[in-house]
Amino acid sequence: MHEPRIIVALDFPDDKSALQLAHRLDPQLCRLKVGKELFTATGPHLIEQLMTKGFDVFLDLKFHDIPNTVAKACQAAAHLNVWMVNVHALGGRKMLQAARKAITPGTTKLIAVTLLTSMDQDDLADIGLAGQPAQIVDRLARLAFECELDGVVCSALEAAHLRQQLGERFCLVTPGIRPRNNDATDDQRRVTTPQQAIRNGADYLVIGRPIAQANDPLLACQQLNSEITAASNIRVEN
Ligand code: C5P
């Protein structure tokens, strides 16, 4: 059995809906992501419940604050024994280093968000960030790498380049995934199939609605896993 590479986004307002979906999924086939909405509504108790069901949890709170505050938040996340937690690379080198120091390498994975994909060039100009989004993503991913974080969240389209630049051990987590036979892009602007994401070097795929809104979420997860396994075999053969 391969380790699960799908991370299902639990984008729900309360613990009841989140647990309902978790109950229909299998920890052998996927991990779970808890973000700001759900965590703010439910707190650490839900994380414990999900972990008791055998799931690895990615706590997606994107910490961004002064180094000391982020370090303490990372410590608190590591105490929850979550599998993965993230911070904003835009918090800068000192903040990233403080986060790294707060979490023992090899325990909770510490990754960074580079640029939010919701920001276009005008948004970046508004806050005084010059350059193409792709260049900024590259720079911030390298900064996270230099600060010895375990990886970054990036679009599958950026993954190939980052994999090439930052090597095999840097973890790439990619959202914006839609199965091959799925026409719905929802509000995602640039979507990628699981196969393409894996071929581009992604380690983990964050998938929300294609699983959460499927009639049979477990079956959707199984089908996505088959796509991933097929693509992984091609990548290994290459
Ligand atoms: O439903 P869908 O598959 O689009 O959900 C994707 C998940 O990944 C959501 O939780 C969303 O917030 C998250 N995400 C994203 N794009 C990013 C970072 C995170 O879609 N750049």
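Do the conditions hold for P179, that is, is it in contact (Cβ under 8 Å) with a residue 40 or more places away in the chain and surrounded by fewer than 20 Cβ atoms within 10 Å (Cβ to Cβ)? Against the criterion (in contact (Cβ under 8 Å) with a residue 40 or more places away in the chain and surrounded by fewer than 20 Cβ atoms within 10 Å (Cβ to Cβ)), P179 qualifies. Inside the stretch 179-204, can you point out the residues that are in contact with a Ser or Thr (Cβ under 6 Å, 6 or more places away or on another chain) and either within 15 Å of the ligand (Cβ to nearest atom) or over 28 Å from R169 (Cβ atoms) (or both)? Within the stretch 179-204, R180, V191, A197, A202 meet the criteria. Quick check on E237: is it at pLDDT 95 or above and surrounded by fewer than 22 Cβ atoms within 10 Å (Cβ to Cβ)? For E237, the condition - at pLDDT 95 or above and surrounded by fewer than 22 Cβ atoms within 10 Å (Cβ to Cβ) - is not met.
Just one of the listed residues (T40, T52) is over 18 Å from N86 (Cα atoms) and among the β-branched types (V, I, T), and it is T52. Filtering the stretch 161-176 to residues that are surrounded by 17 or more Cβ atoms within 10 Å (Cβ to Cβ) and under 25 Å from D123 (Cα atoms) leaves L162, L172, V173, T174, P175, G176.
Any residue at all in the stretch 9-26 that's closer than 21 Å to I198 by Cβ, of a type in the set (A, V, I, L, M) and at pLDDT 95 or above? Yes, there is a match, as at least one residue in the stretch 9-26 is closer than 21 Å to I198 by Cβ, of a type in the set (A, V, I, L, M) and at pLDDT 95 or above.
Rundown of residues vs (1) away from the ligand (no atom under 16 Å from the Cβ); (2) in contact (Cβ under 8 Å) with a residue 40 or more places away in the chain; (3) assigned to a loop (DSSP other than H, G, I, E, B), yes/no style:
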{"residue": "H2", "(1), (2), (3)": "yes, yes, yes"}
{"residue": "I7", "(1), (2), (3)": "no, yes, no"}
{"residue": "D11", "(1), (2), (3)": "no, yes, yes"}
{"residue": "K16", "(1), (2), (3)": "yes, no, no"}
{"residue": "A22", "(1), (2), (3)": "no, no, no"}
{"residue": "E37", "(1), (2), (3)": "no, no, no"}
{"residue": "F58", "(1), (2), (3)": "no, yes, no"}
{"residue": "D65", "(1), (2), (3)": "yes, no, yes"}
{"residue": "V70", "(1), (2), (3)": "yes, no, no"}
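Note on the stretch 116-140: residues that are within 13 Å of the ligand (Cβ to nearest atom) and either among the aromatic types (F, W, Y) or not in a loop (DSSP other than H, G, I, E, B) (or both) amount to 3. Residue count for the stretch 148-178, restricted to those that are near the ligand (Cβ under 10 Å from one of its atoms), part of a loop (DSSP other than H, G, I, E, B) and not small (G, A, S): 3.
Summed over the stretch 78-115, the residues that are under 13 Å from H64 (Cα atoms), within 16 Å of the ligand (Cβ to nearest atom) and part of a loop (DSSP other than H, G, I, E, B) give a count of 2.
Only one of A184, A230 is surrounded by fewer than 20 Cβ atoms within 10 Å (Cβ to Cβ), aliphatic (A, V, I, L, M) and in a loop (DSSP other than H, G, I, E, B). Can you tell me which? Lay out the reasoning, then the answer.
On the way: A230 fails: in a loop (DSSP other than H, G, I, E, B).
From the options A184, A230, the qualifying one is A184.
Give me the residue from the stretch 1-31 that is farther than 19 Å from L172 by Cα and either of a type in the set (F, W, Y) or touching a strand residue (DSSP E or B) at 6+ places or on another chain (Cβ under 9 Å) (or both) and, out of that set, surrounded by the most Cβ atoms within 10 Å (Cβ to Cβ). Looking at the filtered set, the residue picked out is L10. Of the set (1) among the β-branched types (V, I, T); (2) crowded, with 17+ Cβ neighbours inside 10 Å; (3) under 23 Å from G208 (Cα atoms), all apply to T40 but (2).
The values are calculated or read from the model by the stated rules, or taken from the named source; none is laboratory data. Quick caveat: nothing in here was measured; it's all calculated off a predicted structure. Every residue, glycine among them, receives a Cβ derived from its backbone with ideal geometry; neighbour counts consider all protein chains shown.
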